[in-house]
Amino acid sequence: MNTPDARNVLVVDDEPELLEVLSGYFSRHGFAVRGAPDAASARLRVAEQPPDVAIVDVNMPGENGLSLARWLRDTHPRMGVVMLTTASELVDRVVGLELGADDYVAKPFDVRELLARVRAVQRRVAVAAPALAAPSAFAPSTAAACRVPFGHCALDTVRRKLFGPEGREIDVTAAEFDLLELFASHPNRPLHRQQIMEQAHNRGWDVFDRSIDLRVMRLRRKIERNPDKPEVLKTVRNVGYVYCPAGGPPRSAPT
């Protein structure tokens with residue numbers, strides 16, 4: 001049974017049986033669930049009430065899930081988005097992450113894994129929500145004290161926002177902020193991809209998983225003066241990535 005403070009989840013999939021299974025399963029675990037059989041119906045559901053997390057199938061007739069995910073990210077940048085992809089379609093996962101999806105689960109999947117992924121995204125969304133609701137709750141001195149320099153940008157660790165050099169807010173997803181916060185807490189320390197996946201995204205990493213690389217590429221376009229020649233988020237060959245606060249050399253020479 002859903003509680004009054006249940007988190008809202010929208011499931012978008014053209015398989016009626018899967019919609020029924022997921023609606024029942026997530027409802028039993030305290031979520032308020034709505035279903036949509038296609039992208040057009042999903043847009044109507046979002047207009048009625050934006051969900052905290054949207055679970056979107058990539059392969060649907062008509063407008064596909066990737067197009068819908070792009071619209072969700074453009075119109076509701078703070079909404080969590082989890083993509084459902086087929087196990088063989090690596091390109092769908094790559095494109096989905098490029099569009100800003102927070103996570104993905106490959107079909108066929110265990111509903112327990114999907115629930116865990118959605119809960120992880122939900123927690124990130126929930127952390128960001130109070131600050132967005134009352135951004136003026138912090139005095140200027142307090143807000144300034146919570147800003148961590150990140151290259152020529154600034155990371156507000158309380159309000160979970162990223163600001164450009166002129167003070168303009170730069171849109172980042174909850175997953176992207178978690179990644180920035182992880183790097184900010186380990187300056188000049190090369191982090192392995194395994195560490196990044198476990199600490200920032202609560203999932204394991206394998207050699208074929210490009211999600212971290214894609215998110216770093218996406219973040220570089222937002223924080224680097226020249227994303228092709230990164231000075232802040234540098235690659236460490238055969239290791240992972242390192243955050244260089246001043247754009248200087250880390251402890252291990254990067255590439």
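Bear in mind that the values in this text are calculations on the coordinates, not laboratory data. Computed from a prediction, not measured in an experiment: that's the story for all the values here. Cβ coordinates were reconstructed from backbone atoms using ideal geometry, including for glycine residues, and neighbour counts include every protein chain displayed.
Quick notes
- Straight Cα distances below 17 angstrom link K229 to the aspartates and glutamates D213, with same-chain residues fewer than 8 positions distant left out.
- Protection-proxy order for peptides 228-240, 24-36, each taking the mean of Cβ atoms within 10 Å per residue, highest first: 24-36, 228-240
- Label-point gap, in nm, between R28 and R123 - each point 7 angstrom along Cα→Cβ: 2.3
- H192/N64 FRET efficiency (R0 41 Å; Cβ-Cβ; nearest 0.05): 0.75
- As a calculated quantity, the FRET efficiency between A184 and E113 at R0 = 35 Å, using C-beta atoms, amounts to about 0.75.
- Mean Cβ count within 10 Å, highest first, over the residues of peptides 163-170, 75-82: 75-82, 163-170
- Amide H partners (placed H, <5 Å) of I170, local residues excluded: L162, F163, G164
- Peptide packing for 96-104, 213-221, 186-194 was compared via the average number of neighbouring C-beta atoms within 10 Å per residue; ordered from the highest value, the list is 96-104, 213-221, 186-194.
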